[in-house]
Amino acid sequence: MNHHCRREADRRYAQEQSPKICYPPSFMVTHPAPLPSDEQDSRIKGILEWLAVTHGRAQGADDADPLLRQLMLLRDSPTPGPQRIKLLDLLYGHCEQIVRSELPRLKDIALPITRRQRQRVRILLDLLEAIAQDYFNTLAELFDPQGSNSPKMPHLSLRRAMDAIAWQIRIYHLIAAPTAPGLWQQLHTAFRTARRLGVHRQTSGVSATSIQDVYTATLLAAIAQPASFSSAELQFIADYIASCIPGLELDENLPAASDAIFWIDPSKDFPAHALVRRTPASEKEILYFSCHQIALTARQHREKLIHGSTAEQLCLPAFAATHAGLGVLNRLANLWGLPTKRKFPRRRQSYRALLCAGIDHLWQLSKTPDQPPGSSEWMVINESPDGYSLMHMTGETDELRVGDIVAIQALGDRAEADHTWHVCIIRWAISENPEHIEIGLQLLAARAIAAEIAHPDELEGGSVNALLLPETPPLRPHQALVLPTGLLRENTRRIVVLVERNNLEIREVQATHLNEQTSSVEVFSVLPDDSP
C-alpha cells in the first residue's frame, strides 16, 4: 500500500472511530479566511489587552456589547484550535461575571419590562447565544479527523455551551418571555452528545456540578411553570434547585408507577411533559424521570420550617422561611409531585374588560364599585369556569405582579346587569415585547366584601384592610379572608373582622386552613370563633 493510500485508510478509520456528536439544527462550522500573520497576532494581542483592562470590572449588560465584539473578532480570526479554546475560555469567564452581576437586577422588575430593560437583556442574550455557538464550533474542531492536533477534551466545551443555553432560558423566565425558538432543542442535543461521549456525569476542578446537573436543574425550573412565579420567587427556585435538591436520574425506561413522571423528546423544542397530561410516541427516543423524591424533599422542608426549624439549620436560602417562601415550596411540591390535567376546556373569547389590581385597590372598589381606582382595560381572549386569559389593551400595568389579587369586570355586550367585579389571582404572565403582556387569572369568587381585621392581642397595631369572600359550595364551603402575606397563620383564633355595610358588623373568626399563598396575598378559610 503506497503512502497516499495508507493516509486515506487512516483518515477513514479515525472518522469511523470518533464519537458521533449531534449538533443543534442551526450548527454550522465556518473556517475564517487566512490572515497575514502580523494581522492575526495583532487581533489576538488586542483581545488579550482588552481582557486585561476589563478584568474584574464587569458591571452587567453594559459590558456585554464590548465583549460580544471581542468574541466576533476571535470568531473571524483563523486562530489554531488550542489557542482559540484558551481565548474563548477567557472570554467565557468575563461573560460569566456579566451574567452573575445582571441576574439580580431582574428580581423585582415590573411587567412588561421597559424598552430599555429589554434592550439590555437582548444584548446579553445575543452574547450568550454567540458563546454557546462558538463552543459548539470548538467541538467540531476537536473531533475533525482532518483538523489540527487539538486535545480531544469535549467535557468543558459542552459544559460551557450548556451553561450559556441554561442562562438564556433562565433570563427568558425572569422577564416572563417565551424562550427563543430552538433553544430547548439545543440543550437536549448538547446533553445527548455528552451522554454518548460518556462525560455527562463528569465534574471539573472548578465546579462540583456536572453536565447532567445543569441539564436537570434547567428542566426542573421549566416544569415548575416559571410564568406562574414572580422574578424574586424564580431566583429562589434556581438557588433551591442548585443547592437543596437531590440529583435527578434520567432513563430510557419508564419508572415505576408514580404521579410524578415526566418525559423528554430530545428531538422536540420543548422542555418536558408530565405523563399524566400527555404520552410519548412509542417509536421516539424518550428519556423519563420521576420527581417523586424531590417533591417529597420540598414538602419536608416546608413542614420543618413551619414547625420551627430555621432556613440556616436546613441549609436553605433565607427566602424559604418567609411566608412567600413557604408558599413557593408548597407549590413546587405539587407541581413536581402531583401534576394534573386541565380541569376545564378553554373557550376562545374576544370581549373587553376592566381590571383592578392590588388588595388596597380592591378594598376601595368593593366600597365604590362604580369608581374603580387605577383600573386598566384588557381583552379576554379565552375563559373557562375557573379563570381567564387576558391581553393588555390600555392603562398602567406597573403594579401587576404574579400572585397578586385582582378584580375583573366585563364591558360591552358581556357586561353583567349588576356590574359585578369577579375576584381572581394572577397565576401567570407572559410578555413578548414592551407593548404586550398576557396574564392568566384563577377565579376565586364572584364578589368581595371590604373588611378590616385586628387581633385582640395586637390592637395597638391598628387594623389591616382585607377582603371577605363568600362561600361558593362545593369548591369552597366556607367564607375566606384575603389579606397581605405574613399577617396570619393557620389555626389563628380570635380574629376580629369589621365589615361596614348598611351598618357596622363586628365578627370574631378563626383562620382554619390556608387555601392560597403567594408573595403578595394569602387566602384563609374562616369559621366563627366560639371559643371563650
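The values are calculated or read from the model by the stated rules, or taken from the named source; none is laboratory data. Computed from a predicted model, the values in this text were never measured in an experiment. As a convention, Cβ positions derive from the backbone with ideal geometry for all residues, glycine included, and neighbour counts pool all protein chains shown. Ligands, DNA and RNA are stripped out before the accessible areas are found, and what is left, the full protein with its side chains, is counted by its heavy atoms. Shrake-Rupley method; radii C 1.70, N 1.55, O 1.52, S 1.80 Å.
Some notes on this structure:
- Given +1 at the Cβ of Lys and Arg, -1 at the Cβ of Asp and Glu and no other charges, the dipole of segment 319-446 around its Cα centre is 740 debye to the nearest 20.
- Heavy-atom surface analysis with a 1.4 Å probe gives segment 158-278 a carbon and sulfur content of 50 percent of its accessible area.
- The residue 258 and residue 49 beta-carbon pair, evaluated with R₀ = 45 Å, returns a calculated FRET efficiency of approximately 0.20.
- Annotation for residue 208 and residue 116: the two label points, set 7 Å from Cα along the Cα-Cβ direction, are 4.1 nm apart.
- Simple spin-label estimate for residue 334 and residue 384 in nanometres, 7 Å along Cα-Cβ: 1.4 nm
- Only helices reaching 24 angstrom along their own axis (Cα) with mean Kyte-Doolittle hydropathy no lower than 0.0 count here, and for the DSSP H runs of the chain these are 154-174.
- Close Lys pairs in the chain (alpha-carbon distance under 28 Å; sequence gap of 8 or more, or different chains): 12.
- Dipole orientation for the chain: of the candidates 87, 172, 237, 87 has the Cα lying most toward the positive pole (charges on Cβ; Lys, Arg +1; Asp, Glu -1).
- Candidates per trypsin sites (Lys or Arg not before Pro) in segment 207-291, loop by DSSP, up to 12 other Cβ within 10 Å: 277, 278
- Full-extension gain in nm, residue 100 to residue 251, via 0.36 nm per residue minus C-alpha separation: 51.1 nm
- In this structure, residue 41 and residue 435 have a Cβ-Cβ separation that, at R0 = 35 Å, corresponds to a calculated FRET efficiency of about 0.15.
- Shape of segment 53-99, Cα gyration tensor, a/c cut at 1.5: prolate
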